[in-house]
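The values are calculated or read from the model by the stated rules, or taken from the named source; none is laboratory data. Not measured: the values here are computed from a predicted model. Positions of Cβ are backbone-derived with ideal geometry, glycine not excepted, and every protein chain shown enters the neighbour counts. With ligands, DNA and RNA removed, areas are computed over all heavy atoms of the protein, side chains included. Shrake-Rupley method; radii C 1.70, N 1.55, O 1.52, S 1.80 Å.
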Amino acid sequence: MADPMKIRATLVGDSTEIKVLMSHEMETGQRKDAQGAVIPAWFIQNVTVAHGGTTVLAAQWGPAVAKNPFLSFKFKGGAKGDKVTIAWVDNRGDKRTDEATIA
Amino acid sequence: MNRRRRQVLKSGSGVTLLALIAAAGWLKPGDASAQSWNKAAFDTKSMADTMKALGGGEPVQSKDIIFFQTPDIAENGAVVPVGITSNIPKTESIAVLIEKNPNMLAAVFDIPPGTEPSISTRVKMGQSSNIYALVKADGKYFVAAKDVKVTLGGCGG
Amino acid sequence: MPMRAMICAATWIAILVGCATAPSDERISSEAGAMLKASFKARGQAGLDRLVQDDTQRLCSESAGRKLSADVADRIEKQNLATIKYPADGKLMGDWKNGEKIAQDGRGKQYSDDPAGPVGGNCYACHQLAPQELAYGSIGPSLYRFGKLRGYGVETQRYAYGKIFNSEAFAACSTMPRFGHNGILSEQQIKDVTALLMDPASPVNQ
Amino acid sequence: MTPRLFAGLAGAVVAFAAVAQNSTVDGIAKYREALQDGNPAELWEARGEGLWKEPRGPNKVSLERCDLGLGAGVVKGAYAQLPKYFADADRVMDLETRLVWCMVKLQGISEADAKKNPFGNGNDKKSNIEALVAYVTSESRGVKMNVSVAHPKEMQMYRVGEKMFYFRGGPHDFGCVTCHGADNQRIRLQDLPNLTKIEGAQKAYTTWPAYRVSQGELRTFQWRLNDCFRQQRFPELEFGSDASIALTMFLAKNANGATFDAPAIKR
């Protein structure tokens, strides 16, 4: 089971700024281990950010996104106290969903 | 201008941006919550296959796509900050492409109405290369490039 | 050095108030030696014998960054000068292209390195050499245009070869490794690096 | 070409190379700045806080009664006054050795198990020590370094640590002082703090632990020392050994007065 995400959701003017860190190896599938065997690719493929039942960002990622991914963006319409939900799914089917409150 | 554009379009790794247009074209508005992943797009290596699949025209170079927090030099290619803002009206998606990576496409962000067309993330770069920001806006494609050098770090051990 | 002065002051206060007598410097040195032995474990090619100092290492450690007295510096330089072995074939210059590779290569002698693998000189870690390489360090002086500035004569070749072989022969307590004396680089490798510095065709001299 | 003109040209080439390198150095400074926003070390801090509060080990108790030097359970500011002498162990301890002590004494975990994985490696080999260190050190962010050498054993460790700093050995004659004994030095493009000066020690010590982007791991001060000795071509410095604590004592004490600002993010 993957570690929780670290989410910051902050109201800046009339926008909500989201900053999120995810705990993930983001293994490229190009590296080899000490024995010379290829380490299989293992990476987050889909990320969705939702606020009040609406998707405010949807992303598809390849293995070129850096390990322990960081993502930041802004959307309009959030209010202090609202919940923001972020979910990811990786290429093994592992999932993680976390929630943060807009501050 | 024409020559510069040709340079942008013809990448050194044998993959052209045109190939990636096809890659970036799948995300239709309203499709955002679907847990789909465009394998063909992320696997793009040769242009021959993808050229055929091309629906849209050539991307237009745009000064309205701005890189921010993207360094000229990355001390370590394992983590390269990339920020992209599109000032093009009706921006629908922003894709990050790294010319000299084994697979060019790194990430695509679908931007629903109400979300600012500006994202910041971090990518891996195998070597010094152009980073392309490919924006789809009102059904058309626009592109901007930034050259990022990856240096050696530390003492080689 | 302000730090040392502060600690001395603290020690003096301790003595004045009569609560403790600080252990002597010699005692601290011997405690440090014993503690080092107990705190490291052999791994890969790096055995505990690497903690046993030769005369040069011991004297340079004891100087603790301060200026050496003239007689100690002289002793270190004489001892090390005597170790330099110049090539039996009399040729001091190898291939600068190999020299460049050796200068770039930082591998070798770490416990994480393959003992059978290549060993480099890692010159760029500390020195500027060929101007094309911008990622150079500054622990040592710039060697850009080494031969061009000094002339390409045999005496300068001998100096360059000797300095790479055993730097302590020319500057006591130099931070530069003794590549020949300590068996880091082979005779051929030292010749190649000498050529990197001294060959008129080397990028270093352009 | 006259020699004078020639020398002038040579000077111009050197100046050009220097400008090129300066712009490289500036570029890297901007790169490091861009990384500051969003430090994955926070993921370790969060995991460490969980580990601190979770009942674990045969005794099924948390570490919330662990005394890090400011009293049982006090985490805030604790790292800024470590290493220190602990009477219950009759030993000068740094944070890592104290955490191991608490795991053994409070949670009933064997010492071997507690020390088994000090430096993590990817998802399959996550280190609890690194996570706990991330959490505890984050609780000293903004606190002034205040390490004591009042106890004779603390002073002894400080002085022994200073000796070790200057100890040169191995096939390369390297010691800590080789790279960290002068101002404005670099290995390749990597700046090296001058640890013989207060300002250098302050700047370096207060920015460890750090998330190393080159490894994708959070690294502790114990790791920093361990890997320095590897690069010095020494044998392996044992985790929690007295030498590691003595050197930590030397550097931590010299950092006194500076504001602790870690976990940081480094190349």
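Looking across the range A:84-98, the residues that are open to solvent by 10 Å² or more (accessible area, probe 1.4 Å) and either under 19 Å from A:L11 (Cβ atoms) or under 10 Å from the mean Cα position of the chain (by Cα) (or both) come down to A:T85, A:A87, A:V89, A:R96, A:T97, A:D98.
For A:V12, the criteria (1) surrounded by fewer than 19 Cβ atoms within 10 Å (Cβ to Cβ); (2) more than 7 Å from every other protein chain (Cβ to nearest Cβ); (3) in contact with a strand residue (DSSP E or B) (Cβ under 6 Å, 6 or more places away or on another chain); (4) more than 20 Å from B:V123 (Cβ to Cβ) hold in every case but one, which is (3). Put simply, of C:Y86, C:Y111 the only residue that is within 14 Å of chain B (Cβ to nearest Cβ) and either under 16 Å from the mean Cα position of the chain (by Cα) or among the hydroxyl-bearing types (S, T, Y) (or both) is C:Y111. Could you check, for the range C:46-64, whether at least one of its residues is modelled with pLDDT under 95 and in a helix (DSSP H, G or I)? Yes, the conditions are met somewhere in the range C:46-64. Within the range C:66-92, if we keep just the residues that are assigned to a loop (DSSP other than H, G, I, E, B) and open to solvent by 60 Å² or more (accessible area, probe 1.4 Å), the residue that is nearest to C:A169 (Cα to Cα) turns out to be C:A82. D:K144 passes every criterion in (1) closer than 19 Å to D:R224 by Cα; (2) open to solvent by 20 Å² or more (accessible area, probe 1.4 Å) apart from (1). For the range A:15-30, taking the residues that are small (G, A, S) and crowded, with 17+ Cβ neighbours inside 10 Å, the one that is nearest to the chain's Cα centre (by Cα) is identified as A:S23. Checking each residue in the range D:186-205 for being facing chain C (nearest Cβ under 7 Å) and touching an Asp or Glu at 6+ places or on another chain (Cβ under 8 Å) picks out only D:L189.
Filtered by the rule that a residue be of a type in the set (V, I, T) and touching a residue at least 12 places away in the same chain (Cβ under 8 Å), the range B:102-153 gives B:V108, B:I111, B:I119, B:T121, B:V123, B:I131, B:V135, B:V143, B:V148, B:V150, B:T151.
If you go through the range A:60-83 and pick out every residue that is surrounded by fewer than 15 Cβ atoms within 10 Å (Cβ to Cβ) and out of contact with any His (no Cβ under 9 Å at 6 or more places or on another chain), you end up with 4.
How many residues are open to solvent by less than 20 Å² (accessible area, probe 1.4 Å) and within 7 Å of chain C (Cβ to nearest Cβ) if we restrict to the range D:147-170? Total satisfying the criteria: 6.
Filtering the range D:49-85 to residues that are part of a strand (DSSP E or B) and surrounded by fewer than 18 Cβ atoms within 10 Å (Cβ to Cβ) leaves D:V61, D:D67, D:A72.
Within the range B:112-128, the set of residues being facing chain A (nearest Cβ under 7 Å), on the phi < 0 side of the Ramachandran plot and of a type outside the set (D, E) comprises B:P112, B:T115, B:S118, B:I119, B:S120, B:T121, B:R122, B:V123, B:K124.
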